Amino acid sequence: MHVTRQVTMDDTKTGPLAGFTVGVTAARRADELIALLRRRGASVLHAPALRIVPLADDSELLAATKELIGCAPDAVVATTAIGFRGWIEAADGWGIGEELLARLRTTELLARGPKVKGAVRAAGLVEDWSPESESLAEVLERLLAAGVAGRRIALQLHGEPLPGFVEALRAGGADVVVVPVYRWMAPEDLAPLDRLLDAVVGGAVDAVSFTSAPAAASLLSRAEERGVREPVLAALRGGVLAACVGPVTALPLQAHGVDTVQPERFRLGPLVQLLCQELPGRARVLPVAGHRLEIRGHAALVDEELRPVPPAGMALLRALARRPGWVVARAELLRVLPGAGRDEHAVETAMARLRVALGAPKMIQTVVKRGYRLSLDAGGEVKYGEAPAP
């Protein structure tokens, strides 16, 4: 069973992601991604959005493989290393591996990028061409430039259909055979995914990472089943960063108006480095009572020291930081306090705990009979008594 994974505060005292929480939707290579994030100080909420259908049980793959052995394609496009290896292994398991390899030796073999090229060569084959960019768009451009009319082209899918790719080939006159090497399905245990959706809606995560388009589509599908798709989309369009490993992965989110960030190189390492730049860059930084205050997801940096803050305290701190230097009334603070009801004493209690958590009580000033304000230094964003920026 998948569980929520959190780092301890000892682990998060250093690192560019200290104080931030990142949701991880990956099923494959999740441990590697989580380790990279934790090493940089992040707290991680792991919620696999998918599971993979075992190859040997997939009748569609068997049927497509037999079809290609029986009627040779003119070209085969291999899109993922794990998919190509799995295809060969599944064919071996069905007793037709040698027949498939023999057929692939007689056709033009295009490999999308170095990893796929490595898998092709490991199978004893040699690719005819591979783009350095790892871009399927470049593969498509090459095929169309050479002419595809009357050609039979096999396309190894990488987890979901590629309608734009297939349609372009068919529009050019090609006979396209899709090879569904592995398929994604919803996870058997939906509880972690539901917890992540709740965290996204509640603002308890700062970013959600996606390493495949099916994972993004699955998360949105589950949100729709639970009746929370619009709140989830609103959060992803707002304060929760959607970080995708590449442009194909981003498509299901972008189709719903969600802006995404993507690294230049479509790998886990660059994805984590991008988060290390984006999340701290979004943090609010204020000069308060002689200190540098940086407000992160579930903690504050006070003069570069990480200070964990409970959820109620973070809600109050964010409310004060929205109008730094201005008095925020107790009634207004009560409205942002989670589960506080109508008792304004809850604000006083949470505020006292916030001051302790920050380790610098003078950062928050009590204004008698009015409320509280951040003690913004002179020359800060907004001086007390001035109108806040629109």
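Between VAL179 and LEU155, GLN156, LEU157, the built amide H atoms are under 5 Å apart, and every one of these is 5 or more places off in sequence or on another chain. Say we join alpha carbon atoms closer than 10 Å with springs in a Gaussian network model of the chain; which of ALA352, ALA119, ALA242 then has the biggest fluctuation? Result for the chain, Cα springs under 10 Å: ALA352 fluctuates most.
Dipole size of region 86-244 about its Cα centre, with +1 on Lys/Arg Cβ and -1 on Asp/Glu Cβ: approximately 260 debye, rounded to the nearest 20. With the Cα gyration tensor of region 223-340 giving a ≥ b ≥ c as the square roots of its eigenvalues, does the rule (a/c under 1.5 for rounded; else a/b larger than b/c for prolate; else oblate) give rounded, prolate or oblate? Oblate, because a/c is 1.5 or more while a/b does not exceed b/c. The Rg/Rh ratio for the chain is 1.10, where Rg is the radius of gyration of the alpha carbons and Rh is the Kirkwood radius.
For the chain, the share of accessible area belonging to carbon and sulfur comes to 52 percent (1.4 Å probe, ligands and nucleic acids excluded).
Using a 1.4 Å probe, what is the accessible area per residue for region 224-291, in Å²? Intermediate values should be presented prior to the final figure.
Details: 3230 Å² over 68 residues.
Computed with neighbouring chains in place, this is 47 Å² per residue.
GNM remark for the chain: springs join alpha carbons under 10 Å apart, and the peak mean-square fluctuation among GLN156, GLN262, GLN365 falls on GLN365. Between helix 30-39 and the chain there is an angle of about 30 degrees, using the helix long axis and the longest principal axis of the Cα atoms. How far, in degrees from 0 to 90, does helix 59-70 lean away from the longest principal axis of the Cα atoms of the chain, to the nearest 10? Long axis of 59-70 versus the principal axis of the chain: about 40 degrees.
I need to check one value: relative contact order of region 105-238, counting alpha carbon pairs closer than 8 Å and at least 6 residues apart, in percent. Please list the in-between numbers first.
Details: 125 pairs, mean separation 21.6, N = 134.
About 16 percent, as a whole number.
Normalised by the number of residues in the chain, the average gap of Cα pairs under 8 Å and 6 or more apart makes the relative contact order 15 percent.
Report the full-extension gain for the segment LYS362 to GLU188: residue separation times 0.36 nm, less the Cα-Cα distance, to one decimal in nm.
Numbers: separation 174, 0.36 × 174 = 62.64 nm, distance 5.05 nm.
Result: 57.6 nm gained on full extension.
Expressed to the nearest 5 percent, the antiparallel share of DSSP beta bridges inside the chain is 45 percent. The C-alpha atoms of the chain define a longest principal axis, and helix 191-202 lies at about 50 degrees to it. Computed with a 1.4 Å probe over protein heavy atoms only, the accessible area of LYS115 comes to about 100 Å².
The values are calculated or read from the model by the stated rules, or taken from the named source; none is laboratory data. Not measured: the values here are computed from a predicted model. All Cβ positions, even for glycine, are placed from backbone atoms using ideal geometry, and neighbour counts span all protein chains on display. All accessible areas refer to the heavy atoms of the entire protein, side chains included, with ligands and DNA or RNA removed. Shrake-Rupley method; radii C 1.70, N 1.55, O 1.52, S 1.80 Å.
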